[in-house]
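Bear in mind that the values in this text are calculations on the coordinates, not laboratory data. Keep in mind it's a predicted model, so treat the numbers as computed, not measured. As a convention, Cβ positions derive from the backbone with ideal geometry for all residues, glycine included, and neighbour counts pool all protein chains shown.
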Amino acid sequence: MLEEYLPFMWLIIFGNIENLILASQGVVKGANPKVLGGLSIIIVIIWLIMGTVLTEAAIQYSNIINFIGGFAIFILGIQAVYGAVKNIKSKGGK
């Protein structure tokens with residue numbers, strides 16, 4: 001059973017990092033941590049269900065899905081760092 005998820009291993013790992021990036025963006029913007037945590041858990045459950053149901057159909061496109069997912073995570077990371085630096089500079093940091 002685990003073998004069918006191996007082509008998506010890196011997407012799973014970096015998807016968790018993406019979730020952390022989005023959460024940090026929410027904190028920087030001043031979102032309520034309890035609401036942010038609850039929504040984050042809901043999204044993770046939705047992705048788990050979708051991943052479980054759709055893995056067999058998506059396996060033939062795993063390389064494309066991994067590339068698009070990795071690229072999206074990379075862009076979100078840049079966006080998060082840019083927002084954090086902009087926020088630090090606006091508050092008088094170095």
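Normalising the average separation of contacting C-alpha pairs (under 8 angstrom, six or more residues apart) by the number of residues puts the relative contact order of the chain at 51 percent. Using the Karplus relation 6.51 cos²θ - 1.76 cosθ + 1.60 with θ = phi - 60°, the per-residue 3J(HN,Hα) values for region 25-31 come to 5, x, 5, 4, 7, x, 5 Hz, with x marking Gly and Pro.
Here are some pairs, Lys29/Lys91; Lys34/Lys86; Lys29/Lys86; which of them have Cα atoms lying more than 20 Å apart in this structure?
Values: Lys29/Lys91 13 Å; Lys34/Lys86 25 Å; Lys29/Lys86 12 Å.
Violating the 20 Å Cα-Cα cut-off are Lys34/Lys86.
The Cβ shell under 14 Å around Val81 holds other residues with a net charge of +1, Lys and Arg each +1, Asp and Glu each -1.
Going by a ≥ b ≥ c, the root eigenvalues of the Cα gyration tensor, does region 1-42 fall in the rounded group (a/c under 1.5), the prolate group (a/b larger than b/c) or the oblate group? Judged from the Cα gyration tensor, region 1-42 comes out oblate (a/c at least 1.5, b/c at or above a/b).
Given the DSSP H assignment, sum -39500 (n - 2.57) over each helix run of at least 4 residues in the chain and divide by its residue total; what's the result at 222 nm in deg cm²/dmol, nearest 500? Walk me through the intermediate numbers first.
Numbers: 3 runs with 75 residues, N = 94.
Counting only the DSSP helices, I get -28500 deg cm²/dmol.
Restricting region 1-87 to trypsin sites (Lys or Arg not before Pro) that sit in a DSSP loop and have at most 11 other Cβ atoms within 10 Å of their own Cβ leaves Lys29. Ordering of 13-24, 51-62 by packing is 13-24, 51-62, highest average first (other Cβ atoms within 10 Å, averaged per residue).
Normalised by residue number, the volume inside the convex hull of the Cα atoms of the chain is 91 Å³ per residue.
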